[in-house]
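A.B. asks: Sharing a structure, written as structure tokens. Questions coming.
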Amino acid sequence: MRVDFAFMDAVAQADLVHRKEVQPIELVDAAIERIEKLNPALNAVVTRMYDQARSDIARIEPGAPLAGVPFLLKDVLAAYAGVPLTMGSRLLSGYVPDRDSELVKRLKKAGLIILGKTNTPEFGILPTTEPHLFGPCRNPWNLTRTTGGSSGGSAAAVASGMVPMAHANDGGGSIRIPASCCGLFGLKPTRGRNPLGPDFGDIMSGLLAEHAVTRSVRDSAVLLDLTSGPDIGDPYGASPPMRPFWQEVGADPGKLRICFSTEAGGGVAVHPDCIQAVAEAAGLCADLGHTVTEAAPKVDWNLVTRMFMVLWSAGNAATLNILKPEPHQVEPLTWTLYEMGKRVSAAEYLQAVTALQRISRGFARFFIDCDIWLTPTLAEPPVPLGTFDSTPDDPLKGLRRSGQFAPFTPSCNITGQPAMSVPLFWNRKGLPIGTHFIGRSGDEATLFRLASQLEAARPWADRIPPTSHIPLFQ
């Protein structure tokens, strides 16, 4: 009898392999079959690696913790030797790396079988996944809505049951935004927790973090155990955990001091559904015995936005400077950011870094008397595709709209703190709305303990997107 593995998490799938109840090829073939059935509607997977995946099964290390579990890479940064890496841009459509990134090496060593690469906005810039190169990725909860970005292809793939978890990275919310839009668990680790080498020490002075989107909390914890830790020559690393992260799942978090706020910086309006999601999460935390109070750090959000844009534009310019693009080779927004970034002087860049470090110290002081800060993940439910489209006469329109959609997530990229989007709420239209929990720097352990407590109190694993109700076996 064939088994439908679609909505088993990675730990459960690996357990079947370890107990010899299934062979890795069965998991891989089932995932490939599901991708082929669902991808025409979702456009989540843009590069297929099926032959490579099947041959990789023979190279699984004995006893690998996640032996045979199907996995997908986001098509940003994760270099896999011999496989195209496009970053969602026609500028890189012919680029094929000749070596694996350190993160990919660790994913392979864990026993994961990589089936392909997922859709992403060009260079991961926008909080939606609608690149000109590949076309829009569609949300399995509603095909007219965004998956979020920039890890939108990975989120659509996991939410629809193609794979149990997928690679994602986060420079301004790109793990947590699509997790919120697609009803998944998405944790951005502490700065320096996962490696960026061998090609990068850090990116944009530490804005970017690597990890994954998952359906279960334990999958996120187990995967972080298997990938985290400094690489040789890293400029810095996160403080090591007291014990493996998987041991935090199900552990008693104690009585936490949780502060919450639903106000966005810069006067951005927050949708009532997102406010309700926070209110329900705060109530649930109180019911679980935590102390919940309304409070927020005092921050000059206009300064944050200006300084963040200095790093963001300069970082994009640094990437494109290497590639020497012509205007027709990239999208208008990308070209405009490139031009902006080239005008940033070295002095202005370092001044922005200093300003953001000063702001980060203020955030850290807020957490002296607060264990967790709770906010909306996003200011709106998943918006219609096309919302972030720019026009030739206003190429920055989509970027400005991004600030209205995702005002909460970038603060943790600035401070380096860990944060997670937890899928605790669906609105009346059946759209998922994540809730954002921010922890102290280096303290993913508390987040995992709280997340697993919330997962047990208000499970989400049985919520299946309507697009995913496609029979796997016919």
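Read-outs throughout are calculated quantities, based only on the coordinates presented, and are distinct from any laboratory measurement. As the structure is a computational prediction, the values presented were derived from the model and not from experiment. Note: ideal-geometry Cβ built from the backbone for every residue, glycine included; neighbour counts use all protein chains shown.
A.B. asks: Hey, can you grab everything whose amide H is under 5 Å from the amide H of Gly116? Only 5+ residues off in sequence or another chain; H modelled, so Pro and N-termini drop out.
C.D. replies: Met49, Leu73
A.B. asks: What are the ³J(HN,Hα) values, in whole Hz, obtained from phi via the Karplus relation 6.51 cos²θ - 1.76 cosθ + 1.60 with θ = phi - 60°, for each residue of the stretch 435-444 in sequence order, with x given for Gly and Pro?
C.D. replies: 10, 9, 10, 10, x, 5, 4, x, 10, 4
A.B. asks: In the stretch 10-468, what percentage of the DSSP-assigned beta bridges are antiparallel, given to the nearest 5?
C.D. replies: In the stretch 10-468, DSSP labels about 70 percent of beta bridges as antiparallel.
A.B. asks: Where the only charges are on Cβ atoms (+1 Lys, Arg; -1 Asp, Glu), what is the dipole of the stretch 10-468 about its Cα centre, to the nearest 20 debye? Present the calculation step by step, with values, prior to reporting the outcome.
C.D. replies: On the way: 43 positive and 45 negative charges, 43 e Å.
For the stretch 10-468, the charge dipole is close to 200 debye.
A.B. asks: Moving on. Please enumerate, by chain and number, the lysines with C-alpha under 19 Å from the C-alpha of Lys342, excluding those fewer than 8 residues away in the same chain.
C.D. replies: Within the straight-line limit of under 19 Å, Lys342 reaches these lysines: Lys324.
A.B. asks: Please compute the net charge surrounding Arg90, taking Lys and Arg as +1 and Asp and Glu as -1 over other residues with Cβ under 14 Å from its Cβ.
C.D. replies: Summing Lys and Arg as +1 and Asp and Glu as -1 gives -4.
A.B. asks: Now, a different point. Taking loop as defined by DSSP and a crowding limit of 15 other beta carbons within 10 Å, which trypsin sites (Lys or Arg not before Pro) in the stretch 397-472 fit?
C.D. replies: Qualifying residues, ordered by number: Arg428, Lys429, Arg463.
A.B. asks: Which far-off residues, 5 or more places away or on another chain, put their amide H under 5 Å from the one on Ala212, with H placed in the peptide plane?
C.D. replies: Ala168, Leu187
A.B. asks: Calculate one ³J(HN,Hα) per residue across the stretch 399-415 by plugging θ = phi - 60° into the Karplus curve 6.51 cos²θ - 1.76 cosθ + 1.60, and present them in order as whole Hz with x for glycine and proline.
C.D. replies: Here the 3J(HN,Hα) series is 5, 5, 5, 4, x, 7, 7, 10, x, 8, 6, x, 4, 6, 6, 5, 7 Hz.
A.B. asks: Pairs of alpha-carbon atoms within less than 8 angstrom and 6+ residues apart define the contacts here; what relative contact order does the chain have, in percent?
C.D. replies: Rounded, it is 17 percent for the chain.
A.B. asks: For the cross-link pairs Lys37/Lys429; Lys74/Lys188; Lys74/Lys108, which exceed 18 Å when the distance is taken from alpha carbon to alpha carbon?
C.D. replies: Lys37/Lys429
A.B. asks: Take His211, His328 and order them by how many other Cβ atoms sit within 10 Å, fewest up front.
C.D. replies: Numbers: His211 26, His328 8.
Ascending Cβ contact count within 10 Å gives the list His328, His211.
A.B. asks: A further question follows. Please list, in order along the stretch 167-183, the HN-Hα scalar couplings obtained from phi with the Karplus expression 6.51 cos²θ - 1.76 cosθ + 1.60 (θ = phi - 60°), rounded to whole Hz, x for Gly and Pro.
C.D. replies: So the J values, rounded to whole Hz, are 4, 8, 9, 8, x, x, x, 6, 8, 6, 5, x, 4, 5, 5, 10, x.
A.B. asks: Relative contact order for the stretch 141-283: what is it in percent, counting Cα pairs under 8 Å that are at least 6 residues apart? Each step should come with its number before you reach the end.
C.D. replies: Details: 211 pairs, mean separation 26.9, N = 143.
Value for the stretch 141-283: 19 percent.
A.B. asks: Still on this structure, please answer the following. Once you order the gyration tensor axes a ≥ b ≥ c over the Cα atoms, which shape class does the stretch 74-150 get: rounded for a/c under 1.5, otherwise prolate or oblate by comparing a/b with b/c?
C.D. replies: Numbers: a/c = 2.57, a/b = 1.51, b/c = 1.70.
Here the stretch 74-150 falls in the oblate category.
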